[in-house]
Amino acid sequence: MEFSRKSLVIKMLISAIFLLGLSSSSVAEFRLARHATTSTTIEYPALNCRKHSAVLTEFGGVGDGKTSNTEAFKAAIANLSQLAEDGGGAQLVVPPGKWLTGSFNLTSHFTLFIHKDAVILGTQDESEWPHLPVLPSYGRGRDAPNGRFSSLIFGTNLTDVVITGNNGTIDGQGAYWWKKFKEEKLNVTRPYLIEIMYSSQVQISNLTLVNSPSWNVHPIYSSDIIIQHLTILAPVDSPNTDGIDPDSCTNTKIEDSFVVSGDDCIAVKSGWDQYGIKFNMPTKNLVIRRFTCISPDSATIALGSEMSGGIEDVRAEDITAINTQSGVRIKTAVGRGAYVKDIYVRRITLNTMKYVFWMTGSYGSHPDPGFDPKALPVIKGINYRDVVADNVTYSARLDGIENDPFTDICISNVNIKLTSKPKELQWNCTNIQGVTNQVTPEPCNLLPEKEIDCPFPEDRLPIDNVKLKTCSISGNF
């Protein structure tokens, strides 16, 4: 069942509480001014401001929740793309209303602005979702071996693209797709809400995303990405509704966001087995901060399991998880190859968790039988510090791979309080090597005590030096 109005209100209240708890410097500010002509000006932060602006209704858009607006979106973006060629860029405003649409493609030097009283609705007419080939780093679709549906909002080979609003909503109406998936009636992979490929200078911010057919936000083969101030909501039993999945991306920032999901709230990826090894594009230089997750059957942040291009230099801090299966989890397997290395996590607050620490070397899912059993992943330099957890069932399950141990694990300053009925074996460790300091309950013998504070880099990644500009839209909203 999709989020009901009552459930959505509850989750939005949770989100509002979360956002209000952030420091004032981290919360996006919107300024609204009304002029004598009743025109409204809304200011918003963005990578770049635009010289040209239009409203969806100028291209035949009808916001009644029933009329298809796929052609209106396509016409608007095609028209604005021509205007943007003069170097000033263009923005399309989605005004108040319910805008039913199929998939549409964005363009460079472009902003899609979704008004707070606007809802973009994903249609359930499959003819309005074009098919795309499988991703080259995956070799097959995640739901089915053939192609995949284009995402609701899609873009490829773009520069300087912004998807934002003043908390407007994108609703994927996912129940239709979840039912088909569970009944194994899909021939191609379900669409995502937002996917940006082979692009740079990307901003996705200040939106509410609900009921995605599958993954919500999927930047892939891209760089210089800012994702912030998102509220992402899906029923906790909905299949594969990952929140944010940076995939073979460089220089990415995810911050000040809240996810309720049926899968991992964040899943860091870089390709699947032999296809990812051949494509060879890692995810690296990723910062995640001030992030909250609710996902009873999945991870707050997952590294993998599709990590065959490599994952390195991930920095996560000020992370909160409630009623979630695990904290920051590593998922890999024989056949993945590549590496997960130089991972830094600090200031984590967890409540009602199955696991605090979880590493899995036998995740097992493969695209086809052609994977290389000699392709062993290298997992090393994994650092956790300053962790507080309450109502926990297992402190840790850390399973490396036989003859391929996970090494250089460091865990320090951790206080775990257990549930009233905890598991007797709190630290289950095999094929790992590392150290711990000031950790309770007492860790396993493979993680001996050493007086150390686990490292966390103090330098700034390049994405943190990107400054957003104050931009505006005006109209009779």
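The values are calculated or read from the model by the stated rules, or taken from the named source; none is laboratory data. Keep in mind the model is a prediction, meaning the values are calculated, not measured. As a convention, Cβ positions derive from the backbone with ideal geometry for all residues, glycine included, and neighbour counts pool all protein chains shown. Ligands, DNA and RNA are stripped out before the accessible areas are found, and what is left, the full protein with its side chains, is counted by its heavy atoms. Shrake-Rupley method; radii C 1.70, N 1.55, O 1.52, S 1.80 Å.
In the set (1) open to solvent by less than 40 Å² (accessible area, probe 1.4 Å); (2) polar (S, T, N, Q); (3) in contact with a helix residue (DSSP H, G or I) (Cβ under 9 Å, 6 or more places away or on another chain); (4) within 27 Å of residue 306 (Cβ to Cβ), the condition left unmet by residue 150 is number (3).
Quick one: which strands (runs of 3 or more DSSP E) sit completely within the range 375-461 and have at least 3 residues that are open to solvent by less than 60 Å² (accessible area, probe 1.4 Å), in contact (Cβ under 8 Å) with a residue 40 or more places away in the chain and aliphatic (A, V, I, L, M)? Please lay out each step first, then the result.
Numbers: elements: 378-399, 406-418, 427-430, 432-440.
Correct list: 378-399, 406-418.
Identify, please: which residue in the range 240-260 is closer than 17 Å to residue 229 by Cβ and of a type outside the set (A, V, I, L, M) and is, among those, surrounded by the fewest Cβ atoms within 10 Å (Cβ to Cβ)?
255
Is it fair to say residue 111 is more than 25 Å from residue 262 (Cα to Cα) and either part of a strand (DSSP E or B) or of a type in the set (Phe, Trp, Tyr) (or both)? Yes; evaluated as a whole, the condition is true for this residue.
With 7, 25, 15 as the choices, which residue is over 22 Å from residue 201 (Cα atoms), assigned to a loop (DSSP other than H, G, I, E, B) and modelled with pLDDT under 95?
Working: 7 fails: assigned to a loop (DSSP other than H, G, I, E, B); 15 fails: assigned to a loop (DSSP other than H, G, I, E, B).
When all the criteria are applied, what remains is 25.
Each residue in the range 161-177 was checked for being over 20 Å from residue 55 (Cβ atoms) and either basic (Lys, Arg) or open to solvent by less than 10 Å² (accessible area, probe 1.4 Å) (or both), and 3 of them qualify.
Confirm whether residue 210 is among the aliphatic types (A, V, I, L, M), surrounded by fewer than 24 Cβ atoms within 10 Å (Cβ to Cβ) and within 27 Å of residue 468 (Cα to Cα). No, not satisfied.
Filter the range 279-292 down to the residues that are assigned to a strand (DSSP E or B), out of contact with any helix residue (DSSP H, G or I) (no Cβ under 8 Å at 6 or more places or on another chain) and surrounded by fewer than 24 Cβ atoms within 10 Å (Cβ to Cβ) and list them by number. Steps first, please.
First, the residues of the range 279-292 that are assigned to a strand (DSSP E or B): 283-292.
So of that shortlist, the ones also out of contact with any helix residue (DSSP H, G or I) (no Cβ under 8 Å at 6 or more places or on another chain) come out as 283-284, 286, 288-291.
Those that are assigned to a strand (DSSP E or B), out of contact with any helix residue (DSSP H, G or I) (no Cβ under 8 Å at 6 or more places or on another chain) and surrounded by fewer than 24 Cβ atoms within 10 Å (Cβ to Cβ): 284, 289, 290.
Considering the range 129-144, and only residues there that are surrounded by fewer than 20 Cβ atoms within 10 Å (Cβ to Cβ) and in contact (Cβ under 8 Å) with a residue 60 or more places away in the chain, the residue that is nearest to residue 369 (Cα to Cα) turns out to be 140.
Assessment of the range 262-274 against the conditions (open to solvent by 10 Å² or more (accessible area, probe 1.4 Å) and over 28 Å from residue 354 (Cβ atoms)) yields at least one matching residue.
Scanning the range 293-330 for residues that are more than 17 Å from the chain's Cα centre (by Cα) and buried (at least 24 other Cβ atoms within 10 Å of the Cβ) yields 308, 309.
Determine whether residue 169 is closer than 21 Å to residue 93 by Cβ, touching a Lys or Arg at 6+ places or on another chain (Cβ under 9 Å) and of a type in the set (S, T, N, Q). So residue 169 fits the description; yes. Among the residues of the range 215-248, the ones that are closer than 17 Å to residue 299 by Cβ and among the hydroxyl-bearing types (Ser, Thr, Tyr) come to 2 in all.
For the range 187-213, a residue qualifies if it is in contact with a helix residue (DSSP H, G or I) (Cβ under 8 Å, 6 or more places away or on another chain) and of a type in the set (A, V, I, L, M, F, W, C), and exactly one does: 210.
Cβ separations smaller than 6 Å between residues 6+ apart or across chains give the following pairs from the range 187-206 residues that are in contact (Cβ under 8 Å) with a residue 12 or more places away in the chain to residues that are among the basic types (Lys, Arg) and open to solvent by 10 Å² or more (accessible area, probe 1.4 Å): 188/148; 189/142; 189/148. Of all residues in the range 341-357, those being surrounded by fewer than 22 Cβ atoms within 10 Å (Cβ to Cβ) and more than 26 Å from residue 461 (Cα to Cα) number 3. Restrict the check to the range 48-64 and report whether at least one residue is among the aromatic types (Phe, Trp, Tyr), without any contact (Cβ under 8 Å) to a residue 24 or more places away in the chain and either closer than 25 Å to residue 201 by Cα or not in a loop (DSSP other than H, G, I, E, B) (or both). Yes, that holds for at least one residue. With respect to (1) at pLDDT 95 or above; (2) out of contact with any Leu (no Cβ under 6 Å at 6 or more places or on another chain), the lone exception for residue 42 is condition (2). Here residue 333 passes the criteria (1) surrounded by 21 or more Cβ atoms within 10 Å (Cβ to Cβ); (2) in a helix (DSSP H, G or I); (3) of a type outside the set (Lys, Arg) except the one numbered (2).
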